[in-house]
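The values are calculated or read from the model by the stated rules, or taken from the named source; none is laboratory data. Bear in mind the structure is a predicted one, so any value in this text is a computation, not a measurement. Don't worry about glycine lacking a Cβ; one is built from the backbone with ideal geometry, like all the others, and counts go over all protein chains shown. To get the accessible areas, we keep the full protein, side chains included, count just its heavy atoms, and leave off ligands, DNA and RNA. Shrake-Rupley method; radii C 1.70, N 1.55, O 1.52, S 1.80 Å.
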Amino acid sequence: MARQTTRRRTWIGVGLVLGVAAIGAGAWGVQRWAPFADDPEAVAWPQNIQPLADFVEHTTGQQFVEPIAIEFIGEVQAYEARVGVATTEPTDADRADAAIEEGIGRALGLWKGEVSVLAVRDAYANAAPFPVTRLADERIIVVNAAGEVALLPALVRAELTLRLTQALDDQLFHTTERASEAATSQDYQVMLALALGHAIWVHDRYVEQLSDDDIDEYYTADDARWEEYSAGVIAEVPASYRAIRVVAQRLGPMFIEALSEEGRELVEHAFTNDLPAALDQVSLPAGKYLRRDRLEAVTAPPGPLAAEVELSNQMGPFGLYLLLSTGQPATDALTAADGWGNDRYTAYVLDGRVCVDVHVVADSRDDADRLENGFNAWARARPPVADALVARRGTDLYATACDPGADADQPVPTEEAIDHYLGRAQEIEWRSDYSGNPALAECVAVTLYASYLFDDESSDYWTAADGIEQDCLDAV
């Protein structure tokens, strides 16, 4: 579609692999809130880590305020045993919760067939670890290398810049603690986008300045790692599940890039006193964050009187997009999902079936019109046994559907539809970087991705983009 820059390719490789678990668990550096400490503690680093820590500090404009332990393990099996995630036999409660989650996904049309949430989680847990792992509970970074005098491969050095940035942000902004205490799924996704997005943004800048030989070495190792990861995870995990798991960290670097172009202090404000309210503000930083698009008030559907309510949560703008993409072209679904103002859904069991009631509030009446069309198309695409219904009152949209069962066939989000959503974010980052104008970048990307699909090699991308860019220059 578009030219492949170093940063674009790096983001694809890193963003897809990291997964939600990369933010860590437990508290690391939460004893001190010192984002702007005047006299940070002197931090000593191993010999081969010092240049990487210096790079992170220079790139972020921040300083480490506490030492971070580095543990080197040269032998691969010993390293994997040290950082691997232990799996346990699921309990009956785990199986019951998984069955509800599986039913919710089928009811909304996010996946079909015999999807096993427990098998999906095992696939992630058993995936081969990266050569650098941050163990947040132990406040340590473990490196698959012989020691502090070892020459570190390019991939390991790049991964270290990412993990060091995560640790730095945790020291300054309590990212791990704030994510674990998030009140809503959107609060959690926002903190994930900031914490991982900033780390990936620094990582990408490190890769960009590598020598030609190091670049070749990096991509050779990264491609091999990606193939190994794909074999262990992608075949086992539905596309929509993978996409929901990584969307925040795919949006995050673009958000950081856009804010950095407007002023480095805006990144610090986003971590501290000006946190985005939801992923829609992260996905469109110029139109929804810098010119703040506030969340609309929303109530969770109560569920039928005869039902056993299991849970209530948020889909968020990306979950809404995935749902709409099963009944509409990705261009229309993306435009409609941009009108998300807030949502809640309630999952319940009625007559032995998992069902879901959804309440979405649109930003405006025009947005509600587009969302109503999208929900109606989604309902028509559901199998009759799903009993899908849609209703509207003003800017409030309501939808309901039940699990059609594992034997029912239905359209689900495609890789192409997911790439369309994430591709727009990448387009905004790329254009923000080379133009220095995030509002212009966003105008071009939003218009382009509302008008064109890029699954056809004959698409005249550059001609279309040039015309749209000129229109946006006149408008921004």
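Of note:
- For E261, the accessible area of its heavy atoms, probed at 1.4 Å with every protein chain present, is near 70 square angstrom.
- With Cα atoms, 0 to 90° folded angle of helix 239-262 axis to the chain main axis: 60 degrees
- Ranking G232, V117, V444 by how far each Cα lies toward the positive end of the dipole of the chain (charges on Cβ) leaves V117 at the top.
- Segment 245-372, dipole about Cα centre (Lys/Arg Cβ +1, Asp/Glu Cβ -1), debye to the nearest 20: 200 debye
- Charged neighbours of A465, selected by a Cβ distance under 10 Å, balance to -3 (K, R count +1; D, E count -1).
- Accessible area of the chain divided out per residue, in Å², using a probe of 1.4 angstrom: 41 Å²
- Counting only Cβ charges, +1 for Lys and Arg and -1 for Asp and Glu, the dipole size of the chain around its Cα centre is about 800 debye.
- Pairwise Cα separations in the chain fall into 20 Å bins from 0 onward with the following percentages, short to long: 23, 56, 20, 0.
- Degrees, to the nearest 10: 6-18 long Cα axis against longest axis of the chain: 70 degrees
- Relative compactness, segment 349-476, computed as alpha-carbon Rg over 2.2 N^0.38 Å: 1.37
- In a DSSP loop and with at most 12 other Cβ atoms within 10 Å, there are no trypsin sites (Lys or Arg not before Pro) in segment 365-412.
- Cut-off 11 Å between beta-carbons: net charge of the residues surrounding A277, Lys and Arg +1, Asp and Glu -1: -2
- Sorting I200, I468 on solvent-accessible area from highest to lowest, probe radius 1.4 Å, gives I468, I200.
- Using alpha-carbon coordinates, inclination of helix 154-173 to the longest axis of the chain, degrees: 70 degrees
- Relative to the 2.2 N^0.38 Å rule of thumb, segment 114-196 has a C-alpha radius of gyration ratio of 1.32.
- Within segment 427-476: Cβ-based charge dipole about Cα centre, in debye rounded to nearest 20 (Lys, Arg +1; Asp, Glu -1): 180 debye
- Area of T400 that stays accessible when all protein chains are in place (1.4 Å probe, Å², to 10): 30 Å²
- Accessible-area order (highest first, 1.4 angstrom probe) of the listed residues Y398, Y124: Y398, Y124
- In segment 203-362 the Cα-Cα distances spread across 10 Å bins starting at 0 as 9, 25, 30, 24, 9, 3, 0 percent of all pairs.
- Signed unit charges on C-beta, dipole axis of the chain, positive-most listed residue A107, G74, A286: A107
- Considering only the Cα atoms of segment 291-359, their convex hull presents on average a projected area of 5.5 nm².
- Within the accessible area of the chain (1.4 Å probe), percent carbon and sulfur: 49 percent
- Each Lys or Arg adds one and each Asp or Glu takes one away; over the other residues whose Cβ falls under 12 Å from the Cβ of D409, this sums to +2.
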